[in-house]
Amino acid sequence: MKETFAPVDGRPTPGALAAKVRTLAPTMTRSMQRVAEAVAGDPAGSAALTVTGLAERTGTSEATVVRTARLLGYPGYRDLRLALAALAAEQAAGRAPAVTPDIALDTPLAAVVGKLAQDEAQCLADTAAGLDTAQLEAAVGALSAARRIDVYGIGASNLVGQDLVQKLLRIGLIAHAPADPHLAVTNAVQLRAGDVAIAITHSGRTTDVIEPLRVAFEHGATTVAITGRPEGEIAQYADHVLTTSSARESELRPAAMSSRTSQLLVVDCLFIGVAQRTYGTAAPALSASYEALAHRHAPHRAADRS
């Protein structure tokens, strides 16, 4: 039977629990982090404990355990405990990925390849598990009907924005991804109802991304945030929030490296959704772009090189 990660009654399924813990842990208090890390690291052992037992194991209080369960999307500890038991069963069946250790200075390159591949796969799985498809559908609908699309991002996030813009342009949509934050705000001022602005920021608090999205929001454009911190400041100016995940940050691998993988998955989902909805116009536009570039990829004849 096909495994599903869709939430039931708004609660994360067992397969999405570990992903949600990784996403929310940086925003938790230290005591709540201890509870979250315990349930994600040892779901079988935690499932066997009462709320009092888990509080004692983590050096916290019963109230902290209950608050953590609710933050993770469960009405109470009993519901979290049932999900932990199911997650433990999944791990026993070999379906849950192992935690990837950090890469050290002396890690052999062959091992680096394997660790990075595991981390990238984990990021993609976590993002897919936690992605709100209702929010995704709404964003796709807005993009499909948009007069103009602006995408805001700084650094690695701007590269992701450029990737999305290139795809949208090739199916006939008008899209921009200004790298200069001043130009981004200038562009945002021109937006209005019927336009879409997308902000990409893993931290959810990048000022140079928040500011143009705020301006676009205030001018009536539909706004979308792609972020790893859905509770961040960026969310207050977003009509739709699409949450991404990232691997554990280390000295040798900042969050921007792994978050980009998740961001690319989300923008690919947006693009495919838009292409599906606008296929009648998208297919001819894409074909025309291929034809326009075909001669640049054709082998050069000997005469051309003389």
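Below is a table of values for the structure above.
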{"read-out": "Average accessible area per residue (Å²) across the stretch 142-235 - probe 1.4 Å, nucleic acids and ligands excluded", "value": "38 Å²"}
{"read-out": "From phi via Karplus (6.51, -1.76, 1.60), per-residue ³J(HN,Hα) for the stretch 213-222 in Hz, x at Gly/Pro", "value": "5, 4, 4, 4, 4, 5, 8, x, 6, 6"}
{"read-out": "Overall form of the stretch 15-73 per C-alpha gyration tensor (a/c, 1.5; a/b vs b/c)", "value": "oblate"}
{"read-out": "The stretch 119-189: trypsin sites (Lys or Arg not before Pro) in DSSP coil with no more than 13 other Cβ atoms inside 10 Å", "value": "Arg147"}
{"read-out": "Difference of contour (0.36 nm per residue) and Cα-Cα distance, His295 to Arg70", "value": "75.2 nm"}
{"read-out": "Exposure rank, largest accessible area first [Leu17, Leu159; 1.4 Å]", "value": "Leu159, Leu17"}
{"read-out": "Under-5 Å amide H pairs with His202, H placed in peptide plane, nonlocal only", "value": "Gly228"}
{"read-out": "J(HN,Hα) series, the stretch 70-82, from Karplus relation 6.51 cos²θ - 1.76 cosθ + 1.60, nearest Hz, glycine and proline x", "value": "5, 4, 7, x, 10, x, x, 5, 4, 5, 5, 4, 5"}
{"read-out": "The stretch 128-145 and the stretch 70-91: distance between their alpha carbon centers, rounded to Å", "value": "26 Å"}
{"read-out": "Using a Förster distance of 30 Å, the FRET efficiency for Glu218-Thr281 (Cβ separation, nearest 0.05)", "value": "0.50"}
{"read-out": "Phi-based couplings in Hz for the stretch 117-126 (Karplus 6.51, -1.76, 1.60; Gly and Pro marked x)", "value": "4, 5, 4, 4, 4, 5, 4, 5, 5, 5"}
{"read-out": "Long-range amide H partners of Ala225 with built H, under 5 Å", "value": "Ala199, His240, Val241, Leu242"}
{"read-out": "Long-range HN-HN contacts of Ala177 with modeled amide H, under 5 Å", "value": "Val151"}
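The values are calculated or read from the model by the stated rules, or taken from the named source; none is laboratory data. All values reported here derive from a predicted model rather than from experimental measurement. Every residue, glycine as well, gets a Cβ built from its backbone with ideal geometry; the counts of neighbours run over all protein chains shown. What goes into the accessible areas is simple: the full protein's heavy atoms, side chains included, and nothing from ligands, DNA or RNA. Shrake-Rupley method; radii C 1.70, N 1.55, O 1.52, S 1.80 Å.
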